[in-house]
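Colleague: Below you'll find the structure I mean.
Taken together, the values in this text are just the output of simple stated rules run on the coordinates, not laboratory data. Every value quoted in this text rests on a predicted model; they were computed, and no experiment measured them.
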Amino acid sequence: MSKLTKKDKLNIYKEWTIENKRSAYLSKKYGIGSASIKYLVSLIHRHGMDILDKPHTYYSAQFKLEAINRVLVNHEAAYSVSLELGLKSQGMLINWIRSYKENGYNVVIKRKGRRTREQRAREIEERKRRIASPEFKAYCRECIYKKIGCLGSKEKKPTKIKQHVLLYRLFSFSSTLFSKN
């Protein structure tokens with residue numbers, strides 16, 4: 001799927017309305033899905049050409065929650081809600097709903113930008129603890145023994161022995177590095 005310029009979006013709308021071209025033709029011409037074309041045409045038809053001039057919009061947690069509740073509680077169609085709210089694509093609302101359900105019915109606002117040094121340091125320390133744990137070492141050893149057993153059998157089974165050997169070597173190498181510090 002390619003990103004469309006404002007000019008492309010206007011051309012799609014004009015070809016749809018004036019020249020009576022349909023989604024299959026426009027989909028091939030512009031390299032996007034026919035559902036996206038239909039949504040774009042409906043969005044411009046409903047909100048006018050000014051909707052294309054909106055810059056990147058920040059949506060608050062309250063706004064997202066209200067939109068999600070309209071779909072989940074009021075049983076409105078996600079397509080019509082996203083169209084009414086003027087979202088850039090209908091997939092935005094679907095993604096909000098999926099994220100809402102995955103996060104225990106809480107709206108999560110993603111932070112933008114890089115992680116701080118402290119956050120990266122905490123992640124590295126957590127990774128070091130996880131690699132140095134006896135459970136991880138036992139897991140690697142068990143996987144290697146299992147793959148070696150598969151190699152010895154007469155049946156041809158797909159194996160990932162290289163991956164497990166590399167994990168074990170990584171563990172051994174990292175444990176020697178961390179023990180020196």
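Colleague: Roughly what percent of Cα-Cα pairs across segment 52-113 reach past 17 Å?
Modeller: Cα-Cα pairs in segment 52-113 separated by more than 17 Å: 36 percent.
Colleague: Principal axes first, then extents: for the Cα atoms of segment 1-87, list largest minus smallest coordinate on each axis, whole Å, largest first.
Modeller: 39, 26, 23
Colleague: Which length gain, in nm to one decimal place, applies between Lys21 and Glu84 when the Cα-Cα distance is subtracted from 0.36 nm times their residue separation?
Modeller: 20.2 nm
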